[in-house]
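Engineer: Questions regarding the structure given below will be posed in turn.
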Amino acid sequence: MRRKDRAVKSWHEIIDILQRADTIRLGINGDPFPYVVPLSFGFEDCAGEIRLYFHGAKEGFKHTLLEQNNHVCIEADILHKYEETEASLTARYESIIGFGTAESVQGEEAARGMDLMCAHCGYPDFAYDPAALDFVRIYRVTLTHVTGKKNIT
């Protein structure tokens, strides 16, 4: 990171940014180009390891690419505002980038992932029909490396 003064160094701050972010962008290895898709998500902090969950239809380009290579990059950000400075315009933001692997999950873990997604979207007590899990694919992304950056002064 070039601007070390903007680095987010606290695990608590990284979790806080992720909690407040509405969307993640999932980067997947494609050929010949990377593939990036915005997603709703849920997550949990498991003793210093972030596990993100997202869902989608059972088939599609995203699933095909993940079956070929499950190494992914995620990005989440919060844009607070653009602001005029003496010399330019700047963005006031907080963001994280993480790297890890995506795996399709089923059963109790898929239900846990769906519960976390509902909670993160503001519906912690949403009573979805459990049969809905038969029509979607739930993924868990286990992040092995996470960095954060902010410019909110």
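Engineer: So if I place +1 on the C-beta of Lys and Arg and -1 on the C-beta of Asp and Glu, and nothing else carries charge, what would the dipole magnitude of region 1-91 be about its Cα centre? I want it in debye, nearest 20.
Structural biologist: Values: 11 positive and 15 negative charges, 29 e Å.
In total the dipole reaches around 140 debye.
Engineer: Net charge near Thr23: determine it from the other residues with C-beta under 14 Å of the C-beta of Thr23, scoring Lys and Arg +1 and Asp and Glu -1. Display every interim value, and only then the final one.
Structural biologist: On the way: positive: Arg20, Arg25; negative: Asp22, Glu75, Asp77, Glu94.
Cβ neighbours under 14 Å give a net charge of -2.
Engineer: For the chain, compute the number of Lys pairs whose alpha carbons are separated by less than 25 Å, excluding pairs fewer than 8 positions apart on the same chain. Show your work: numbers first, answer last.
Structural biologist: Working: Lys4/Lys81; Lys4/Lys149; Lys4/Lys150; Lys9/Lys81; Lys9/Lys149; Lys9/Lys150; Lys81/Lys149; Lys81/Lys150.
So the count of such lysine pairs works out to 8.
Engineer: A further question follows. Farthest toward the dipole's positive end in region 23-99, which of Thr85, Leu65, Leu26, given Cβ charges of +1 (Lys, Arg) and -1 (Asp, Glu) about the Cα centre?
Structural biologist: Checked the options; the winner is Leu65.
Engineer: Among Thr142, Thr85, Thr23, which one shows the highest mean-square fluctuation when the chain is modelled as a Gaussian network with alpha-carbon springs under 10 Å?
Structural biologist: Greatest mean-square fluctuation among the candidates belongs to Thr85.
Engineer: Tell me the Rg and the Dmax, in Å, that the Cα atoms of the chain produce.
Structural biologist: Answer for the chain, Rg first and Dmax second: 16.7, 57 Å.
Engineer: Under a GNM of the chain (C-alpha, springs under 10 Å), which listed residue has the highest mean-square fluctuation: Asp125, Asp77, Asp115?
Structural biologist: Of Asp125, Asp77, Asp115, the Gaussian network model singles out Asp125 as fluctuating most.
Engineer: Given 0.36 nm per residue, what is the gain on full extension from Lys9 to Ala132 after removing their alpha carbon distance, in nm? Walk me through the numbers on the way to the answer.
Structural biologist: Numbers: separation 123, 0.36 × 123 = 44.28 nm, distance 3.91 nm.
Length difference between fully extended and current span is 40.4 nm.
Engineer: Compute the convex hull volume of the Cα atoms of region 1-53, divide it by the residue count, and report the result per residue in Å³ as a whole number.
Structural biologist: Residue-normalised Cα hull volume stands at 116 Å³.
Engineer: On to the next question. What full-extension length gain, to one decimal in nm, is calculated for Asp22 and Glu49 as 0.36 nm per residue of separation minus the Cα-Cα distance?
Structural biologist: Answer, rounded to one decimal: 7.7 nm.
Engineer: Counting only complete DSSP H runs, which helices of the chain cover 18 Å or more along their long axis at the Cα atoms and score a mean Kyte-Doolittle of -0.5 or above? Write down the numbers at each step before the final one.
Structural biologist: Working: long enough: 107-120 (20 Å, -0.25).
Counting only whole DSSP H runs, the qualifying helices are 107-120.
Engineer: Hey, got the dipole for the chain? About the Cα centre, +1 on K and R Cβ, -1 on D and E Cβ, debye to the nearest 20?
Structural biologist: Numbers: 17 positive and 23 negative charges, 119 e Å.
It works out to roughly 580 debye.
Engineer: Taking region 42-92, which GluC sites (Glu not before Pro) meet the DSSP loop condition and have no more than 12 other C-beta atoms within 10 Å? Display every interim value, and only then the final one.
Structural biologist: On the way: sites: Glu44, Glu49, Glu59, Glu67, Glu75, Glu83, Glu84, Glu86; in loops: Glu59, Glu86.
Loop-located and lightly packed - Glu59, Glu86.
Engineer: Next question. If the elastic network links every pair of Cα atoms under 10 Å, which of Ala127, Ala47, Ala119 fluctuates the most in the Gaussian network model of the chain?
Structural biologist: Ala47
Engineer: Another question, then. Mean residue ellipticity at 222 nm from the helices of the chain, using -39,500 (n - 2.57) per DSSP H segment of n ≥ 4 over the full residue count, to the nearest 500 deg cm²/dmol?
Structural biologist: On the way: 3 runs with 32 residues, N = 153.
Taking each H run of at least 4 residues, the total per residue is -6500 deg cm²/dmol.
Bear in mind these aren't lab numbers, they're just calculated from the coordinates by the rules spelled out. This is a predicted model, so every value here is computed, not measured. Reconstructed Cβ throughout: ideal geometry from the backbone, glycine too, with neighbour counts over all protein chains shown.
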